[in-house]
Amino acid sequence: MKKKVLGLAAVVVLAGLAFPVLNLVLPQDNRGRILGGQSFEYMGLRQDYFAKRGSVQEADHGLFNFTKKDCDRHKFKVPTLRNVALTWPYLRDGTVNELGEAVRVTARFQSDVALASAEVESIASFLESLTGELGGKPLK
């Protein structure tokens, strides 16, 4: 795995679905009020997440299970970033309970990048800032 300094650039997998957060400029499918939830993306763009984890299950094939198209294998629905700090466990298979660890794992498997601890903390802080309010009170 290569070491690369990215600042706030990383890819975040939440609930097992990937989408990029690059210098706080979100791609088209993550723009708008819900910040995501409008596309399907591959889990493991740069490294094979499922091979590394082992014990591949039928559910790990993602969208393929519905379409039967090989191009949809390991493709999953992109969730919204809104309130992401409250929606653990993370990754497609629910194996990560900490937002920072989800950021670290995602950067590794989606971008082949090893983030420094400070980078992970910065990205996690940004994602935590996306937690909303209901009735004028912060969600918990």
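The values are calculated or read from the model by the stated rules, or taken from the named source; none is laboratory data. Nothing here was measured: the structure is a model prediction, and the numbers come from that model. So basically every Cβ, Gly included, is an ideal-geometry build from the backbone, and we count neighbours across all protein chains shown.
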What is the residue count in segment 82-115 for residues that are in contact with a strand residue (DSSP E or B) (Cβ under 9 Å, 6 or more places away or on another chain), polar (S, T, N, Q) and surrounded by fewer than 21 Cβ atoms within 10 Å (Cβ to Cβ)? 2
Which one is farthest from residue 107 (Cα to Cα), of the residues in segment 35-73 that are aromatic (Phe, Trp, Tyr) and over 18 Å from the mean Cα position of the chain (by Cα)? 66
Going by the conditions given, is residue 69 modelled with pLDDT under 85 and either more than 16 Å from residue 127 (Cα to Cα) or touching a helix residue (DSSP H, G or I) at 6+ places or on another chain (Cβ under 8 Å) (or both)? no
